[in-house]
Amino acid sequence: QVQLVESGGGLVQPGGSLRLSCVASGSISYVNAMGWYRRAPGQQRELVATLTSGGNTNYADFVKERFTISRDNAKNTVYLRMNSLKPEDTAVYYCKADLRRLGALYLDDYWGQGTQVTVSS
């Protein structure tokens, strides 16, 4: 049993900041990449940022210089610090982990339930 539990979403005014957190727990052998994706109303899910256990990052162009992804590998936790938030950042944000379960020989993707971020005045 593997779970990803997200927290930190909510309502914020334009220009404000939020920090999202996601903890992977359960029967986990190894966590490779973790990341954040989002889906706005009427839109497809899109990549926001990813981070491997080795420290390699990948950011979508629309969040560069505003969002920062980080990890605590010992806690299997990934964070997304969001600054200078815009109304168009309003979306459900999903956590994803590329990990290997205990007893497994391969990696697989797991998703969190999503957390709502609303940017509005």
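The values are calculated or read from the model by the stated rules, or taken from the named source; none is laboratory data. If you're wondering where the values come from, they're calculated on a predicted model, not measured in any experiment. Cβ sites come from the backbone with ideal geometry, for glycine too, and all protein chains shown count toward neighbours. Surface accessibility is based on the protein's heavy atoms, side chains included, excluding ligands, DNA and RNA. Shrake-Rupley method; radii C 1.70, N 1.55, O 1.52, S 1.80 Å.
The table below gives the values:
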{"read-out": "Flag if Ala60 is under 22 Å from Gly26 (Cα atoms), small (Gly, Ala, Ser) and open to solvent by less than 40 Å² (accessible area, probe 1.4 Å)", "value": "no"}
{"read-out": "Matching residues, segment 80-121, being basic (Lys, Arg) and surrounded by 20 or more Cβ atoms within 10 Å (Cβ to Cβ)", "value": "Lys96"}
{"read-out": "Strands (runs of 3 or more DSSP E) contained entirely in segment 18-121, each with at least 3 residues that are over 15 Å from the mean Cα position of the chain (by Cα)", "value": "28-39"}
{"read-out": "Selection from segment 70-79 of residues that are open to solvent by 40 Å² or more (accessible area, probe 1.4 Å) and at pLDDT 95 or above", "value": "Ser70, Tyr79"}
{"read-out": "Test for Val2: is it more than 22 Å from Gln116 (Cβ to Cβ) and in contact with a Lys or Arg (Cβ under 7 Å, 6 or more places away or on another chain)", "value": "yes"}
{"read-out": "Selection count where residues are in contact with a strand residue (DSSP E or B) (Cβ under 7 Å, 6 or more places away or on another chain) and free of Cβ contacts under 8 Å to residues at least 12 places away in the same chain, scope segment 60-70", "value": "0"}
{"read-out": "Top-ranked residue of segment 1-59 - restricted to ones that are free of Cβ contacts under 8 Å to residues at least 60 places away in the same chain and aliphatic (A, V, I, L, M), ranked as nearest to Tyr106 (Cα to Cα)", "value": "Leu51"}
